[in-house]
Amino acid sequence: MFLVVRRGAITSIARGGELAGAAAVRCVRAFAADERFADDLRAWRERPGKVTLRARGGQWSQLLGEEAHALAGEPDGEAVAALPPRRRSARGPLLERMQAMTSGLDPPPERVDRDPRRVSFLVNPRLEMSSGKTLAQIAHAAVMAVDGGGLEAWVADGCLAQVAAPAQRTFDALCVSDGLAARVVDAGLTEVEPGTVTVLALPPGASIDR
């Protein structure tokens, strides 16, 4: 799955993560029954890789006009587009011209308040992932959380979320919590070692205090 961010439109991991998660969930929901994409989507679920790309202004407009996508945010403002999964070899000239998202974004806060409407995505503070990798991991957590069941009301409410990078001891304690909505363990193909826990998702209303 390709996630695409318009260059310069998003300045923080927190906002980018919220939008990336919502876009990925909407993409899976929107195209699961679409015969053009259903086979690739089913195959992708076995190894659900995600790549975050950065689009220049003209590329962004072309993407929205020509590519099937699910959008989170405002197309002329802060937004992330998620494209139905495809093989890298089938990404086409437009996506091939886009660069991987590596722009420096403001880091997430260490703490967020409990919110009954928002899923909390917690980024492992030990890791030094690129911005694109971080957004992709948060999107993965969002899809996993919805697949786990019990979040239909959250999806209907717009997939509202908040992102934090808590103290390491807090993150490590939550890794073994029974109350997680999702726990992302990376395959280690790019920036982190295999088996690394990158992002946790807590259901709406959960506290990160430990």
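The values are calculated or read from the model by the stated rules, or taken from the named source; none is laboratory data. Predicted model, so just to flag it, every value in this text is computed and none were measured. Positions of Cβ are generated from backbone atoms using ideal geometry, with glycine treated the same way; all protein chains shown enter the neighbour counts. What goes into the accessible areas is simple: the full protein's heavy atoms, side chains included, and nothing from ligands, DNA or RNA. Shrake-Rupley method; radii C 1.70, N 1.55, O 1.52, S 1.80 Å.
Dipole magnitude for region 54-117: computed about the Cα centre from +1 point charges on Lys and Arg Cβ and -1 point charges on Asp and Glu Cβ, it is near 440 debye.
Based on Cβ point charges of +1 for Lys and Arg and -1 for Asp and Glu, what charge dipole magnitude is obtained for the chain about its Cα centre, in debye rounded to the nearest 20?
For the chain, the charge dipole is close to 380 debye.
Heavy atoms of the protein chains alone define the surface here; on that basis region 73-170 has 49 Å² accessible area per residue at 1.4 Å probe size. Of the GluC sites (Glu not before Pro) found in region 68-154, those that fall in a DSSP loop while having at most 16 other beta-carbon atoms within 10 Å are E110, E128.
Using only side-chain charges placed at the Cβ, +1 for Lys and Arg and -1 for Asp and Glu, the dipole size of region 69-158 relative to its Cα centre rounds to 500 debye. Here region 85-190 has 47 percent of its accessible surface on carbon and sulfur atoms, given a 1.4 Å probe and all protein chains in place.
Note on region 31-104: Cα convex hull, mean projected area over all directions, 5.6 nm². Reported to the nearest whole Å, the Cα centre-to-centre distance from region 28-53 to region 190-210 is 23.
Semi-axes of the equivalent ellipsoid of region 42-163 are 25, 18, 16 Å, computed as sqrt(5λ) over the eigenvalues of the C-alpha gyration tensor in descending order. To the nearest 10, the accessible area of S12 is 30 Å² with a 1.4 Å probe.
Ordering P84, A182, T102 by the projection of their Cα atoms onto the charge dipole of the chain, which places +1 on the Cβ of Lys and Arg and -1 on the Cβ of Asp and Glu, puts T102 at the extreme positive end. Every Cα-Cα pair of region 118-210 was included, and the share exceeding 22 Å stands at 22 percent. Between L160 and R88, full extension at 0.36 nm per residue minus the direct alpha carbon distance yields a gain of 22.9 nm. Normalised by the number of residues in region 112-179, the average gap of Cα pairs under 8 Å and 6 or more apart makes the relative contact order 56 percent.
Quick check on the chain: of the DSSP beta bridges with both residues there, what percent are antiparallel, nearest 5%? Counting only bridges with both partners in the chain, antiparallel ones make up about 65 percent. Here the relative contact order of region 142-203, from alpha carbon pairs under 8 Å that lie six or more residues apart, stands at 30 percent.
The mean sequence separation of alpha-carbon pairs under 8 Å and at least six residues apart, normalised by the residue count of the chain, gives a relative contact order of 28 percent.
Equivalent ellipsoid of region 87-147: semi-axes from √(5λ) of the C-alpha gyration tensor, largest first, are 27, 17, 10 Å.
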